[in-house]
Amino acid sequence: MSHRCDTGVEANQPSTPRYHRDRVRPGRAGELRGELQTDRIELGELVILGAKVKLQSLSAELLIDNSAWPRLDQPRLPQQRAEEISTWIEQGRIAVCLPFLLEAGYCARDAPEHRELVDELLSLPFIPIDRDVERRALAAQQQLARVGHHRLAPVDLLLTAIADIHGVGILHYDGDYDLILEKTDLTFDSVWLAARGEL
């Protein structure tokens, strides 16, 4: 069985949509050095792999999920919607987090593509994980276990906990987010990239 990076994009396809290569200016996060460095926060910036990234600004309204990211340049995505998302990205309204970065990086085909992808994504606002997020994710999984749904993807639980704690929504194409909203006390806006089944 071939690996799929999300519910609809094969792993052998480029992990960085052409859509984003045209519209997101890479390089603002700085040059990645390839060696691990201790994460630290300096004057509102988080240092990851030697790259300084912007922590979430007040303008960030949505976390992007890996179910949405690879679909942003699909021909079936209506052009008006694609342009709307592009504007949100340029305005800094869409943020990323570590679980998303790891999932997106997993889809890279080789080291150069991984480096390009992570550098591009780190140019977006970044929301870190803290102990409050960890506690909320574990509590949500416990709530899901009580109703037999605890085997949802751990990344989805982390994103929803981050969204709940930081008061942002999630841009996605994954019905699990609506299930988490229904079955847990996490609160966030579930924003579909397109109508379910459209892409």
Length released on extending from Arg115 to Glu198, taking residue separation times 0.36 nm less the Cα-Cα span | 26.8 nm
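For the range 63-115, what is the Kirkwood hydrodynamic radius in Å, using each pair of distinct C-alpha atoms?
Values: mean 1/r = 0.0816 Å⁻¹.
Over the range 63-115, the inverse of the mean reciprocal pair distance is 12.3 Å.
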Rounded to one decimal in nm, the spacing of the 7 Å Cα→Cβ label points at His149 and Asp132 is 2.5 nm
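Where a number appears in this text, it was derived from the coordinates with a stated rule and is not lab data. Source: prediction; values computed, not measured. With ideal geometry, Cβ positions are generated from the backbone for all residues, glycine too; neighbour counts draw on all protein chains shown.
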